[in-house]
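The values are calculated or read from the model by the stated rules, or taken from the named source; none is laboratory data. Not measured: the values here are computed from a predicted model. Cβ placement follows ideal geometry from the backbone for every residue including glycine, while neighbour counts extend to all protein chains displayed.
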Amino acid sequence: MQTYTVQKNEHREITITESGEYLVELVGPGAEATIGGTFLAENSDHIDIHLVIHHKAPNTLANTTLKGVGRDRSKITFLGRIIIDPECGNSNSLLTERILLLSDTASADAIPELEILTDDVKCSHAASVSRIPEEHIFYLMSRGISRKEAEEMVIEGFLESSSNE
């Protein structure tokens, strides 16, 4: 397991680039973490991310966004868990898991979990698994763009867009 510890008043940017188990611990008041990862799974690839964001001090902040695109016979699994310990009020944590599937044989699981053991926190999660809407492809193709290029443009926009959309 890869562990990241964020100390008092520290802001840390964490980028996840490969399958594995990850633990982000916010151990001091004022600790902030921005966690992100984008993944492209092709052929029979299996991307498997297990991430725990553990708030161990009050007044902490974590913003997490995981995005994946699955093609062919690939599989993507995002398991994200937020834990906020007792006595860790005024903590704020957001977990977003988005997966775009490009074939009928690709599969995905987006599993967000919350374990909140105190009051006075802001905590949320969002998860989605979807396909490219045909209207998006049609619109781009009506502008003279090939289907393949249109699909690549939508994928690029999906992976680069902010988590607040």
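Side notes on the structure shown:
- When THR118, THR38 are checked against the criterion of being part of a strand (DSSP E or B), among the polar types (S, T, N, Q) and closer than 24 Å to THR3 by Cα, a single residue qualifies: THR38.
- Where GLU156 falls short, out of the listed (1) of a type in the set (Asp, Glu); (2) assigned by TED's automatic domain parsing to the domain that holds SER93; (3) exposed (fewer than 12 other Cβ atoms within 10 Å of the Cβ): (2)
- Residue within the range 115-122 that is crowded, with 17+ Cβ neighbours inside 10 Å, out of contact with any Pro (no Cβ under 6 Å at 6 or more places or on another chain) and of a type outside the set (Val, Ile, Thr) present: no
- Single unsatisfied condition, ARG143 versus (1) free of Cβ contacts under 8 Å to residues at least 24 places away in the same chain; (2) basic (Lys, Arg); (3) closer than 17 Å to GLY70 by Cα: (3)
- The range 86-114: number of residues that are assigned to a strand (DSSP E or B), of a type in the set (S, T, N, Q) and surrounded by 18 or more Cβ atoms within 10 Å (Cβ to Cβ): 2
- Number of positions in the range 56-70 that are over 18 Å from LEU94 (Cβ atoms) and touching a residue at least 60 places away in the same chain (Cβ under 8 Å): 1
- Within the range 10-35, the set of residues being of a type outside the set (A, V, I, L, M) and outside any strand (DSSP E or B) comprises GLU10, THR17, GLU18, SER19, GLY28, PRO29, GLY30.
- Qualifying residue in the range 47-66 (condition: over 22 Å from THR3 (Cβ atoms) and outside any strand (DSSP E or B)): no
- Of the set (1) assigned by TED's automatic domain parsing to the domain that holds THR34; (2) within 23 Å of ARG73 (Cβ to Cβ), all apply to LEU117 but (2).
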